[in-house]
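For reference, the structure is listed below as structure tokens.
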Amino acid sequence: CGISIRSVSSHVMIRGVTVCSSGYNMTENYGHPSGIYHLSVFNCVIVDCEFQELEVAIEAFDVERMNVTSNSFESCHRGVAWSGIHSSNSIRDSTIESNTFRDCDGSVEVLSVRNLTVMGNVFEGQHVAVYLQDAAEASLSENTIRGSTICAAWIEGGSNYSIRGNTVESSNSSGVRLHQVGHTIVANNTVESQQVSLLVDECIDVVVEHNLLTDCSMGPSLNCGLEVIDSAEIVVRFNSVENNQLGVVLVASDPASMDVVVYNNNFRANAVNAIDNCGSENQWDNGYPGGGNFWGVAVVDEDGDGIGDEEYLIDSDSVDHYPMVNPLTV
């Protein structure tokens with residue numbers, strides 16, 4: 001280990017340090033120790049450091065007020081790997097901000113956390129950029145993620161996530177995955193992915209708004225901008241869903257358990273705009289005069305109220321009763 005700090009409650013700053021090794025050998029299952037290791041540490045700042053070719057650059061258990069800012073991570077198996085092992089949510093009040101991660105298999109991995117901010121980082125060439133599990137209050141904002149091969153951001157379990165203002169470019173697989181999370185907002189993101197830009201799976205109380213979900217049009221499988229599976233209390237509004245094989249897909253093993261409302265979105269240049277296997281359990285408009293969605297097709301509007309006079313049929317039992325005549329400002 002390059003630096004090891006244990007059971008410290010006074011303020012600690014690590015600045016301008018370079019920690020490197022001769023490389024991480026995944027083929028032979030051999031790696032080098034952590035660059036920095038923390039156990040039960042409070043009030044620590046790690047700033048302007050460089051981490052190169054490490055198995056784990058910054059590893060920490062049970063920490064509070066940890067601030068990792070303006071560091072460079074290069075070719076590490078894992079960049080930041082934190083876990084709360086002694087009590088639930090025992091990573092607390094910590095920030096990962098304005099760092100650069102390049103060619104790290106897993107750049108940020110944090111388990112069991114309360115009040116985490118991951119903001120303004122740049123991730124390039126990783127399998128998974130950000131993996132968060134069992135968080136209570138976590139913010140993922142204003143990050144740029146390029147070239148993920150498995151998933152850009154994977155959120156598993158927990159609640160009270162805010163995922164805002166991120167840009168995901170050229171992901172070879174999924175963009176953002178939410179699995180078994182609650183009370184979460186996904187807003188103002190641009191996600192370009194070759195499989196699913198945004199996946200909401202077995203979630204409850206999620207709002208998806210003001211996002212651009214685009215370019216899921218490559219690969220051997222049917223790819224989509226947004227897929228919602230077995231989820232309830234999901235609101236999808238004010239998004240642009242463009243240039244995908246499938247725009248929005250709603251699917252459930254038990255249709256009676258689904259509850260999704262989709263309205264005031266722009267659907268443009270998708271091979272198929274929407275699929276819904278649940279029928280009337282889901283809602284594709286917000287009534288009148290709130291209206292439905294813009295579907296990228298010509299709509300008759302004889303009374304000039306901006307809402308089409310005929311319904312837009314998704315399938316035999318899934319209907320937008322109030323399709324919009326013109327694209328919405330989202």
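With every protein chain kept in place and ligands, DNA and RNA left out, what is the accessible area per residue of the chain? Probe 1.4 Å, answer in Å². Write down the numbers at each step before the final one.
Details: 13410 Å² over 330 residues.
Accessible surface, normalised per residue, equals 41 Å².
Summing Lys and Arg as +1 and Asp and Glu as -1 over all other residues whose Cβ lies under 9 Å from the Cβ of residue 325 gives a net charge of -2. Sequence-ordered 3J(HN,Hα) estimates for the range 53-68 from the Karplus curve with 6.51, -1.76 and 1.60 and θ = phi - 60° stand at 6, 10, 5, 9, 6, 10, 10, 8, 10, 6, 10, 10, 6, 8, 10, 10 Hz, glycine and proline given as x. Give the label of the value calculated from the structure for P(r) over Cα pairs in 10 Å bins from 0, in percent, choosing from [x] 6, 29, 37, 21, 6, 1, 0; [y] 6, 26, 29, 19, 12, 6, 2, 0; [z] 5, 23, 31, 27, 11, 2, 0, 0. Correct label, based on the coordinates given: [y].
Set the Förster radius R0 to 25 Å, insert the Cβ-Cβ distance between residue 162 and residue 67 as r into 1/(1 + (r/R0)^6), and round the FRET efficiency to 0.05. The formula returns an efficiency of 0.85 here.
Ratio of Rg to Rh for the range 165-207: 0.98 [Cα atoms; Kirkwood radius as inverse mean 1/r over pairs].
Computed on the Cα atoms alone, the convex hull of the range 105-202 gives a volume of 68 cubic angstrom per residue.
Spacing of the modelled spin labels on residue 12 and residue 48, each 7 Å from Cα toward Cβ, amounts to 2.0 nm.
Using 0.36 nm per residue of separation minus the Cα-Cα distance, give me the extension gain between residue 301 and residue 229 in nm, one decimal. Kindly include the intermediate steps, with their values, before the conclusion.
Values: separation 72, 0.36 × 72 = 25.92 nm, distance 3.41 nm.
Using 0.36 nm per residue and subtracting the Cα-Cα distance, I get 22.5 nm.
Amide H contacts under 5 Å for residue 61: 38, 39, 40, 83, restricted to partners 5 or more places along the chain or on a different chain, H placed in the peptide plane at 1.01 Å from N.
The separation of the range 248-319 from the range 55-130, counted between C-alpha centres, amounts to 40 Å. With a Förster radius of 30 Å applied to the beta-carbon distance between residue 313 and residue 185, the computed FRET efficiency rounds to 0.50.
Ellipsoid semi-axes for the range 165-304, based on the Cα gyration tensor and the rule √(5λ), read 21, 19, 14 Å when sorted largest first. Residues 127, 11, 179, sorted by accessible area with the largest first, give 11, 127, 179 [1.4 Å probe; ligands and nucleic acids excluded]. Karplus-derived 3J(HN,Hα) values for the range 288-293, using 6.51 cos²θ - 1.76 cosθ + 1.60 with θ = phi - 60°, are 10, x, x, x, x, 10 Hz; glycine and proline are entered as x. Shown are 18, 95, 184, whose ranking by accessible area with a 1.4 Å probe and every protein chain present, most to least, is 18, 95, 184. Calculated FRET efficiency, residue 40 to residue 202, Cβ-Cβ distance, R0 = 35 Å: about 0.55 to the nearest 0.05.
The values are calculated or read from the model by the stated rules, or taken from the named source; none is laboratory data. Here the structure is a predicted model, which means the values were calculated and not measured. Counting neighbours? That spans all protein chains shown, and the Cβs are built from the backbone with ideal geometry, glycine included. Quick note on the areas: whole protein, heavy atoms, side chains included, nothing else; ligands and nucleic acids left out. Shrake-Rupley method; radii C 1.70, N 1.55, O 1.52, S 1.80 Å.
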